[in-house]
Amino acid sequence: MQESPKKISRKDRGRLNGGLFSAIAMVALTVSGAGLASWYLETADQGQFGGVFEAEATTLSFSAETVATLPNLEVDFQDALPAKTVVRKIGTLRRNSTLNATLEKLGAERTEAATALQSLYDKDLLDPRRLRAGLKIEAHFDEMNGQLVAISLRDAPERGVLSKRLSDGRFFATDLNVQAIPTVRRIATQIESSIYQAALNDGALDQQVADFADIFAYDIDFQREIHPGDEFEIVYETFVDERGNSVRSGEVLYAALNGRALNKGFYRHTPEDTGTPDYFTDEGKSATRFLMRTPINGARLSSRFGRRRHPISGYTRMHKGTDFAAPRGTPIFAAGNGVVERASRYGGYGHYVRIQHANGYETAYAHLSRYGPRIRKGRRVRQGDVIGYVGSTGASTGPHLHYEVLVNGRHVNAMTLRLPTGRTLEGDLLEAFQTRRAEIDSLRLAQGAEIEVAALETAETTFTP
């Protein structure tokens, strides 16, 4: 016969051991939410109930093993750790090192470090085989005796893990889910030296700058067509925690450039017929073109299309492509959708890839250090796929990409070629885009952008990014 649950009086609280207390506190957490998490972790060391928990009695009707099956706690890193007499030290996982070694350098005793980490491994909260250099780990020590109290680390933007010492010396492991709150930010400023520096100065991250460059990759050469005094705007999603700290970046909703070479803006929209996000002008014309003019990021144009004196042979002859100088190993992208015609060494071109596109277009990429994943003859690729990496193979004086575009077998200048445009939305698809455009303009207006009110008539006032 199952024994009837017993009630615990105030008188008996001080006699409870750490394991029993942990089980009770865990039940309180699953019912009451994260508010008691800090109290639970602070008082677990004492092996007794603290003054925060004022219930007259608590009923237990489960075994201690049940604790392992309870839901994960949704608590914040700092709130989940003891607030008193605890010293926090932060370490970084270095290349060819281990978390154990990192904790020992922070001052943890070898056995305690191993025990704390093992509690995370046993619950599959952490995979030691997938840890990367640069990972931050926090170690918390008792200020009085230097004993390891807890370790915590965040292995994903919205997820962290915690291992906390209990009164009996064991470590209890759990994952910590960070609440990500969506918000929208807007940057609008003038360029002094570069878009990258101007955007960072206004609070953007590398990801927003990279996305901005991708959106305009078909329209402008950022190395040669951006000038001081040009203006740009970026409206983007970001996710923050309850303290307002950035957890992860979202998508760029709107990007605009107003300068000498270009005056254009693009809105992010996902057409219903394809389900694929793209960027469109206010008239519904896609930013995406048939081919990319520069299938590499951050490169310097080192040699143009046309007749030139060859740097190795010394003869003056036709240079049938465009050269982009870049560090060895820089990724090279497929300029458009197509099929790989060749991926092998090709005389003075060294490691070489040629792709056949629609309508008689071909692109070629030479002097590669190596090929991209699974790139071989007959392989179908999509625009933006990595097809190789910058090198200096073949007849080359240094690491660079030699890029060629051919139309019906004839070499043409990729920098001046008028490329076929992307799609233009029509009918119901255009109407859906116009509604989305108005929603984004409402967000821009709320953050200081100057927009004609008439353009916002179809905006939904309840729109949430």
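Please treat every number below as a calculation from the coordinates, not as lab data. Computed from a prediction, not measured in an experiment: that's the story for all the values here. Every residue, glycine among them, receives a Cβ derived from its backbone with ideal geometry; neighbour counts consider all protein chains shown.
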Exercise for review: Highest first, please rank the peptides 411-419, 119-127, 398-406 by the mean number of other Cβ atoms sitting within 10 Å of their residues.
Suggested key: 398-406, 119-127, 411-419
Review point. Around Arg374, with a cut-off of 12 angstrom between Cβ atoms, what is the net charge of the other residues, counting Lys and Arg +1 and Asp and Glu -1?
Key: +3
Check your understanding: What percent of all Cα-Cα pairs in the range 95-148 falls in each 10 Å bin, counting up from 0?
Key -> 22, 55, 21, 2
Study note, to complete from the structure: Taking Lys and Arg as +1 and Asp and Glu as -1, residues besides Arg88 with C-beta under 11 Å from its C-beta add up to -1
Practice item. Using R₀ = 41 Å, calculate the FRET efficiency as 1/(1 + (r/R₀)^6) where r is the Cβ-Cβ separation of Gln179 and Arg370; round to 0.05. Key: 0.45
Review point. Once you list every other residue whose beta carbon is under 12 Å from the beta carbon of Gln207, what net charge do they have if Lys and Arg are +1 and Asp and Glu are -1?
Key: -4
Revision key, fill the gap. Checked against a 24 Å limit on the C-alpha separation, the offending pairs among Lys105/Lys164; Lys264/Lys320; Lys105/Lys136 are Lys264/Lys320
